[in-house]
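Chemist: The structure under discussion is supplied below as structure tokens; questions concerning it will follow.
The values are calculated or read from the model by the stated rules, or taken from the named source; none is laboratory data. These numbers come from a predicted model, not from an experiment. Note that each Cβ is placed from the backbone with ideal geometry, even for glycine, and that neighbours are counted across all protein chains shown.
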Amino acid sequence: MKILVTGGAGFIGSHVAEAYLNAGHDVVVVDDLSMGFRQNVPGGARFVEMSITSDAFTEFVIGERFDAINHHAAHMELRVSVDKPVHDATINVLGSLRLLEAARTSSVGQIILASTTAVLGEFVDLPATEAHPVRPIAPYGVSKRAMELYADYERITHGMSIATLRYTNVYGPRQNPNGESGVIAIFLEKFLKGAVPTIHGDGSQERDYVHVHDVAKANLIALEQRVSGTYHICRNSAASVNDVVAALRAALGNQNDVHHGPAKAGDPARTRGSHDAFTSFTGWRPQIELADGISQTVDWFLQRGRT
């Protein structure tokens, strides 16, 4: 199949593009390189530098006649979304809607959208299933929820096959340590540079961490099985920020300092998702335990530092 991966120079998107290439597909990556890196694009993929918010992108999608689209291009900085909600919505809402409309116009057979359990807001039921109340508490979650609703509209009204995959906290090799998202990469980068990272709050806040290789596999399965609907992609486990710091210290073999700052606005105290629905439908299960995944991530960052 000829597949477009938007955001394919980014952390998750590059792993998804790689999984599609390894499965024998023809992959085209579109990325504006605002957060991604050209070197992340896997060999064998055709790369086009372009913003998903442009008229040129609409014309590109219609003209290329893709069999499938995997949409990972997004703005994902929570605090920036609070400060600049219009910027956040321009990319996550209008860019996604532009993609969906162009895909429908050009009769794309399968679409996979990267969403987030941030659409749920505060988790009131753990682990959260797809039936959990949806009450986002930050503009980032609101914009992703808007994308999901437009996807529902396209499914119901136009019969499009669209899989919406809600991730919990994804981590692993190639994660960008220079943004605000991705505590494992951020802390690891600071530890390796001898800097002191900041824990927002007391460190007891819990997250459901899922390795990027497991996420890429879920995206491949969603493509191959032509999944349609909304599903949680997670581990159904929880680790605190303090647990992550301990695992990083163990993998690095030293006791690095941290200090504490104020909690982030719009950041839930606990996240934990259930992947039972996606597992029942597809057979997918996360394979990589957190300690092993952190060790792999540390190895990648160390190797990157040597090259």
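Chemist: Tally the residues that are on the phi < 0 side of the Ramachandran plot, in contact (Cβ under 8 Å) with a residue 60 or more places away in the chain and of a type outside the set (V, I, T), restricting the search to the stretch 221-237.
Modeler: Total meeting the criteria: 8.
Chemist: How many of the residues in the stretch 118-174 are out of contact with any Cys (no Cβ under 8 Å at 6 or more places or on another chain), outside any helix (DSSP H, G or I) and among the aromatic types (F, W, Y)?
Modeler: Residues that pass the stated criteria total 2.
Chemist: Is it the case that V196 is in contact with a strand residue (DSSP E or B) (Cβ under 8 Å, 6 or more places away or on another chain) and surrounded by 22 or more Cβ atoms within 10 Å (Cβ to Cβ)? Reasoning before the result, please.
Modeler: On the way: in contact with a strand residue (DSSP E or B) (Cβ under 8 Å, 6 or more places away or on another chain): yes; surrounded by 22 or more Cβ atoms within 10 Å (Cβ to Cβ): no.
No; evaluated as a whole, the condition is false for this residue.
Chemist: With the requirement that a residue be crowded, with 21+ Cβ neighbours inside 10 Å and within 21 Å of K2 (Cβ to Cβ), what does the stretch 46-75 give you?
Modeler: I52, F57, V61, F66, A68, I69, N70, H71, H72, A73, listed by residue number.
Chemist: Residues in the stretch 280-307 that are in a helix (DSSP H, G or I), polar (S, T, N, Q) and either touching a residue at least 24 places away in the same chain (Cβ under 8 Å) or closer than 20 Å to I12 by Cα (or both): how many?
Modeler: Final tally of qualifying residues: 5.
Chemist: Report, by residue number, each residue of the stretch 223-244 that is under 19 Å from Y209 (Cα atoms), touching a helix residue (DSSP H, G or I) at 6+ places or on another chain (Cβ under 9 Å) and of a type in the set (A, V, I, L, M).
Modeler: Within the stretch 223-244, I233, A239, V241, V244 meet the criteria.
Chemist: Follow-up question, since we're still on this one. Within the stretch 143-164, is even one residue surrounded by fewer than 21 Cβ atoms within 10 Å (Cβ to Cβ), hydrophobic (A, V, I, L, M, F, W, C), touching a strand residue (DSSP E or B) at 6+ places or on another chain (Cβ under 8 Å) and in the same structural domain as K217 (by TED's automatic domain parsing)?
Modeler: Yes; the residues of the stretch 143-164 include at least one that is surrounded by fewer than 21 Cβ atoms within 10 Å (Cβ to Cβ), hydrophobic (A, V, I, L, M, F, W, C), touching a strand residue (DSSP E or B) at 6+ places or on another chain (Cβ under 8 Å) and in the same structural domain as K217 (by TED's automatic domain parsing).
Chemist: Something else about it: Let me confirm something: among T90, T58, T53, T105, which residue is modelled with pLDDT under 95 and over 22 Å from P268 (Cβ atoms)?
Modeler: Step by step, each of T90, T58, T53, T105 is checked, and only T90 is modelled with pLDDT under 95 and over 22 Å from P268 (Cβ atoms).
Chemist: Do you know which residues across the stretch 193-223 are part of a helix (DSSP H, G or I), touching a Pro at 6+ places or on another chain (Cβ under 9 Å) and not basic (K, R)?
Modeler: Once the filter is applied, which keeps residues that are part of a helix (DSSP H, G or I), touching a Pro at 6+ places or on another chain (Cβ under 9 Å) and not basic (K, R), the stretch 193-223 yields V212, H213, D214, V215, A218.
Chemist: Cβ-Cβ below 6 Å, separation at least six or inter-chain, first residue in the stretch 62-87 and in the same structural domain as L113 (by TED's automatic domain parsing) and β-branched (V, I, T), second assigned to a helix (DSSP H, G or I) and surrounded by fewer than 17 Cβ atoms within 10 Å (Cβ to Cβ): which pairs?
Modeler: So the pair list comes out as I62/T105.
Chemist: Among the residues in the stretch 144-151, are any within 16 Å of R270 (Cα to Cα) and among the aromatic types (F, W, Y)?
Modeler: Checking the stretch 144-151: not a single residue is within 16 Å of R270 (Cα to Cα) and among the aromatic types (F, W, Y).
Chemist: Okay, moving on. Would you mind finding the one in A246, A218 that is touching a residue at least 24 places away in the same chain (Cβ under 8 Å) and of a type in the set (A, V, I, L, M)?
Modeler: A218 is the lone residue from the list that is touching a residue at least 24 places away in the same chain (Cβ under 8 Å) and of a type in the set (A, V, I, L, M).
Chemist: Please enumerate the residues belonging to the stretch 10-69 that are in contact with a Lys or Arg (Cβ under 6 Å, 6 or more places away or on another chain) and in a loop (DSSP other than H, G, I, E, B).
Modeler: Correct list: F66, D67.
Chemist: Follow-up question, since we're still on this one. Among residues belonging to the stretch 171-190 that are of a type in the set (D, E, K, R) and modelled with pLDDT of 90 or more, point out the one that is farthest from G10 (Cα to Cα).
Modeler: Only one residue fits best here, namely K190.
Chemist: Return the pair list, or none, for Cβ contacts closer than 6 Å from residues in the stretch 31-45 that are touching a residue at least 40 places away in the same chain (Cβ under 8 Å) to residues that are assigned to a strand (DSSP E or B), at least 6 apart or on different chains.
Modeler: These pairs meet every condition: A45/V27; A45/V29.
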